[in-house]
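To start, the structure under review is shown below, and the notes come after it.
Please treat every number below as a calculation from the coordinates, not as lab data. Only a predicted model underlies this, so the values are computations on that prediction, with no experimental measurement involved. Quick reminder, even Gly has a Cβ in these numbers, built from the backbone with ideal geometry, and neighbours come from all protein chains shown.
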Amino acid sequence: MKIAIIGGGYVGLVSAACFAEFGVEVMVAETDPVRLDRLRAGVMPIYEPGLEELVAANRAAGRLGFTGALDAAIAGAQAVFIAVGTPSRRGGGHADLTYVFAAAEQVLTSLDHPAVLVTKSTVPVGTGRKLAQLAAALRPDLAVEVASNPEFLREGSAIGDFMRPDRVVVGAETEHARSVLRALYRPLNLIETPILMTGLETAELIKYAANAFLAMKVTFINEMADLCEAVGADVHDVARGMGFDGRIGRKFLHPGPGFGGSCFPKDTLALARIAQDARAPSRLTETVVAVNEARKAGLGRRIIDAAGTELRGRRVAVLGLAFKQGTDDMRDSPAIPAIEALAEAGAHIVAYDPAAMEAAKPLLPASVRYAASAPEAIKGAELLVVMTEWNEFRALAPARLAAAMRGRIIVDLRNIFDPAAMRSAGFVYHGVGRGHAP
Ligand code: NAD
């Protein structure tokens with residue numbers, strides 16, 4: 001089988017490499033000339049563990065290619081996946097479908113054979129229906145069927161997530177579209193992955209509902225963490241005590257600085273708008289958005305209060321810049337408002353992230369300096385702020401931190417350190433929800 005993927009970003013590129021690994025012939029169309037040049041040179045434009053090797057192996061096997069010419073990409077393709085971005089629209093939070101419809105129009109005008117047009121991008125409920133109408137209007141001569149196949153991979157473990165998903169969701173309304181997608185995902189039969197066949201609107205809503213639910217779990221445990229701090233309880237034990245209950249589950253109960261990234265913030269906001277537009281408002285989702293925004297906006301204050309002193313002129317080390325470890329994705333990272341507030345307070349910030357520094361530079365205040373390693377960042381620091389949970393940060397021993405830093409304050413927004421060990425090394429340690437006694 002031959003397919004095309006429009007958009008060579010986190011989702012398009014990973015999906016392309018994984019489908020190629022499944023034995024499918026895949027062409028990726030990418031409009032960004034810098035991304036395209038890198039892809040052609042075998043250099044990944046994004047950080048994703050294992051991706052470079054998978055891409056190289058499948059290119060060498062002749063199953064994966066990259067082009068800037070969309071018509072070349074879709075030639076002979078039985079399915080064309082749209083995997084372009086769907087960011088928040090300015091002022092309001094509806095998903096911006098400009099890229100999706102631009103890509104769809106290009107595909108529809110260039111197609112010279114029947115194909116299934118699949119949205120892999122996260123798109124609002126009703127988009128598939130609109131694309132079907134567009135296809136009928138632009139190409140009455142061709143049988144173009146529309147399907148929705150939302151993606152659930154996580155950055156940082158994207159290949160494993162794509163290859164061993166909890167489920168595959170396919171929204172389609174013709175047997176032919178269903179059979180094309182079933183054939184593409186056939187290798188997953190071996191590991192008995194459930195493939196859920198639904199209508200278009202249902203598939204589109206599953207993606208938003210799943211992300212909003214996970215965002216709600218994170219936001220709930222973040223609130224419980226604040227409550228733990230106020231009453232002297234330990235949020236990790238609360239989370240464990242909750243999570244052993246199979247109805248709740250253990251995952252996504254880790255407190256932190258608030259969720260960020262390219263999906264949860266925009267998808268919760270978009271779901272709130274979808275629900276309002278449908279006159280079935282989701283007050284829970286709206287609240288999750290508001291609570292998380294407030295948490296991120298309050299990070300600077302939280303750190304300054306923990307420092308217990310003026311930060312003007314003081315050296316602050318910040319470890320972790322992307323929205324989580326394992327990625328270079330800076331979209332909606334909590335580190336951005338936190339660092340802005342610290343810079344505003346006059347702190348001298350020295351930052352380090354193993355993967356995201358290049359992506360971070362244009363988004364952070366010009367006064368931020370960047371270290372070449374975690375030890376370099378903490379050297380001489382009066383305050384250490386941990387924003388993400390890279391293993392190399394976890395591995396920093398208390399004695400080493402004490403020897404390298406000038407001050408003795410740690411704000412650990414991911415709870416990667418052992419509070420008792422830090423305290424006995426002389427640190428004033430602030431975690432998240434770890435029972436400061438009342
Ligand atoms: P991205 O910005 O990394 O990639 C999109 C790519 O599409 C860019 O490289 C862009 O240049 C390219 N592009 C845009 N218009 C094009 C066109 N007409 N022709 C060819 N290329 C074009 O975005 P992403 O993170 O991969 O997300 C894509 C979609 O997948 C979004 O809807 C997102 O919500 C969804 N999603 C993302 C993740 C994730 O973890 N990133 C997970 C699940 C779902």
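Please identify the GluC sites (Glu not before Pro) of segment 171-226 that satisfy two criteria: DSSP loop assignment and at most 14 other Cβ atoms within 10 Å. Which are they?
On the way: sites: GLU173, GLU175, GLU192, GLU201, GLU204, GLU223; in loops: GLU173, GLU192.
Those satisfying the criteria are GLU192.
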Can you tell me how much longer the chain between MET1 and GLU201 gets when fully stretched, taken as 0.36 nm per residue apart minus their C-alpha distance, in nm with one decimal? 69.3 nm
Each residue of segment 260-271 in order: what ³J(HN,Hα) in whole Hz does its phi give by Karplus 6.51 cos²θ - 1.76 cosθ + 1.60, θ = phi - 60°, with x for Gly and Pro? x, x, 8, 10, 3, x, 6, 6, 5, 4, 5, 5
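Percent relative contact order of segment 208-296, based on C-alpha pairs within less than 8 angstrom and at least six residues apart? Walk me through the numbers on the way to the answer.
Values: 90 pairs, mean separation 30.9, N = 89.
Once normalised by length, the contact order is 35 percent.
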Give me, ordered by chain and number, the residues 5 or more places off THR198 or on other chains with an amide H under 5 Å from its own placed amide H. VAL170, GLY171, ALA172
Whole-Hz Karplus ³J(HN,Hα) for segment 387-396, in order, using 6.51 cos²θ - 1.76 cosθ + 1.60 and θ = phi - 60°, x for Gly and Pro? 9, 9, 10, 4, 4, 5, 7, 4, 6, 6
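Apply the a/c threshold of 1.5 to the C-alpha gyration tensor of segment 2-198 and tell me whether it is rounded, prolate or oblate.
Working: a/c = 1.30, a/b = 1.19, b/c = 1.10.
It is rounded, given that a/c, with a ≥ b ≥ c, falls under 1.5.
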Would you list which lysines come within 24 Å of LYS2, measuring only between C-alpha atoms, while excluding same-chain residues fewer than 8 positions from it? LYS120
Inter-probe distance in nm under a simple model that places probes 7 Å from Cα toward Cβ, at ALA61 and LYS251: 2.6
Taking 27 Å as the cut-off for C-alpha to C-alpha distance, list the pairs among LYS130/LYS266; LYS207/LYS361; LYS130/LYS207; LYS207/LYS251; LYS130/LYS296 that go past it. LYS207/LYS361; LYS130/LYS296
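Which trypsin sites (Lys or Arg not before Pro) in segment 254-339 sit in a loop by DSSP (not H, G, I, E or B) and have at most 14 other Cβ atoms within 10 Å of their own Cβ?
Qualifying residues, ordered by number: ARG279, ARG312.
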Separation between the ALA402 and ASP237 pseudo-spin-labels, each 7 Å from Cα along Cα→Cβ, expressed in nm? 2.6
For the chain, built as a Gaussian network whose Cα springs stay under 10 Å, the top-fluctuating residue of ASP328, ASP412, ASP166: ASP166
Quick calc: nm separation of the 7 Å Cα→Cβ label points for ARG167 and VAL428 -> 4.9
Expressed in µm² per second, the diffusion coefficient of segment 298-430 from the Stokes-Einstein equation, with Rh the Kirkwood radius over alpha carbon pairs, at 20 °C and 1.002 mPa s, is 150
Residues with amide H under 5 Å of PHE66's amide H, sequence separation 5 or more or different chain, H placed in the peptide plane at 1.01 Å from N; which? VAL28
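What is the chain's relative contact order, in percent, from Cα pairs under 8 angstrom and six or more apart in sequence? Please report the intermediate quantities before stating the final value.
Working: 883 pairs, mean separation 54.2, N = 438.
Averaging sequence separation for qualifying contacts and normalising by length gives 12 percent for the chain.
Give a quick list of trypsin sites (Lys or Arg not before Pro) in segment 1-100 that DSSP marks as loop, anything other than H, G, I, E or B, with at most 10 other Cβ atoms within 10 Å. Walk me through the numbers on the way to the answer.
Working: sites: LYS2, ARG35, ARG38, ARG40, ARG59, ARG63, ARG89, ARG90; in loops: ARG63, ARG89, ARG90.
Those that pass, being in a loop and sparsely packed, are ARG90.
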Considering the chain, what Rg and Dmax in Å follow from its alpha-carbon atoms? 23.3, 75
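When the dipole is taken about the Cα centre of the chain, and only Lys, Arg (+1) and Asp, Glu (-1) are charged at their Cβ, what size is it in debye, to the nearest 20? Mind showing how you got there, number by number?
Working: 47 positive and 48 negative charges, 152 e Å.
Dipole of the chain, to the nearest 20 debye: 740 debye.
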Helix 335-344 vs. the chain, principal-axis angle (Cα, 0 to 90°, nearest 10): 40
Return the long-range amide H neighbours of GLY431 (sequence gap of 5 or more, or a different chain), with a cut-off of under 5 Å between placed amide H atoms. ASP412
